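The block underneath contains the structure these notes are about, expressed in structure tokens.
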Amino acid sequence: MGYDDHMERFRDRVHAGELLADVLDARSGIDDGIVLGLPRGGVPVADRVAQRLGIPLDVFIVRKLGLPGHSEYAMGAIASGGVIVINEDAVTRLGITQEAIDTVAERELRELERREVLYRGDRPPLDLASRDVILVDDGIATGASMHAAIEAIKAYGPRSLLVAVPVAPLSAPSEFEGFVDAFIALSTPTPFQAVGLWYDDFTQTTDDEVRSLLSGD
């Protein structure tokens, strides 16, 4: 089955962010807002949204929890604040022990904390309490990282939480219904396969680029 040429394609993450900003700029109800980008690829997209809306940009870090021995496959994710989301079906089906989960989670938490310092330096994270939070990534594939970020952000008590991405599977809007106040995906192509297929340039975002965007350089 071929891809639908009428589905939205993006030149790069900046282009995707500009198109996403067009949609968000037309919405009402964003009062005391903040834009959070999931690193690394979500930050350039989030930066364009934050600039257009004239609200602060920050980073919210999520790390995949890879299956022991098969780290490319996610059994869950861990987010800033130590919130862990586990794919219970996968864990049960594969007989993954709690000890194995804890080992992977501890390792990824150390990496998460390292990246917090790497990206922010000594700047504290922005306060999310009673804010209208817009959570942005460059796309959604399995949704594990986004679910972990959502659960972690809710713990900070935002006034509202909106997820906005350029591209996601067709099932994504219904999958996130009830977890967030609003979900926006510019494109939901079928078949989906991978986020990068819907970008002409999907070059990996570097740590230096993330730091530069967060510092406003």
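The values are calculated or read from the model by the stated rules, or taken from the named source; none is laboratory data. Since the structure is predicted, the reported quantities are computational estimates derived from the model, not experimental observations. Cβ atoms come from the backbone with ideal geometry, glycine included; neighbour counts cover every protein chain shown.
Can you find a residue in segment 54-62 that is within 17 Å of LEU118 (Cβ to Cβ) and in a helix (DSSP H, G or I)?
no
Just checking, does segment 81-91 include any residue being farther than 20 Å from ALA182 by Cα, at pLDDT below 90, of a type in the set (D, E, K, R) and in a strand (DSSP E or B)?
No, that holds for no residue.
Could you pull out the residue among ALA74, ALA46 that is over 23 Å from VAL117 (Cβ atoms), in contact (Cβ under 8 Å) with a residue 24 or more places away in the chain and small (Gly, Ala, Ser)?
ALA74
Are any of the residues in segment 139-151 assigned to a loop (DSSP other than H, G, I, E, B) and crowded, with 22+ Cβ neighbours inside 10 Å?
Taking every residue of segment 139-151 in turn, at least one turns out to be assigned to a loop (DSSP other than H, G, I, E, B) and crowded, with 22+ Cβ neighbours inside 10 Å.
Which residue, of GLY33, GLY29, is closer than 20 Å to PRO158 by Cβ, outside the structural domain of ILE101 (by TED's automatic domain parsing) and exposed (fewer than 14 other Cβ atoms within 10 Å of the Cβ)?
None of the other options fit; the residue is GLY29.
Please verify whether segment 196-209 includes one or more residues that are assigned by TED's automatic domain parsing to the domain that holds SER28, part of a loop (DSSP other than H, G, I, E, B), among the small types (Gly, Ala, Ser) and surrounded by fewer than 19 Cβ atoms within 10 Å (Cβ to Cβ).
no
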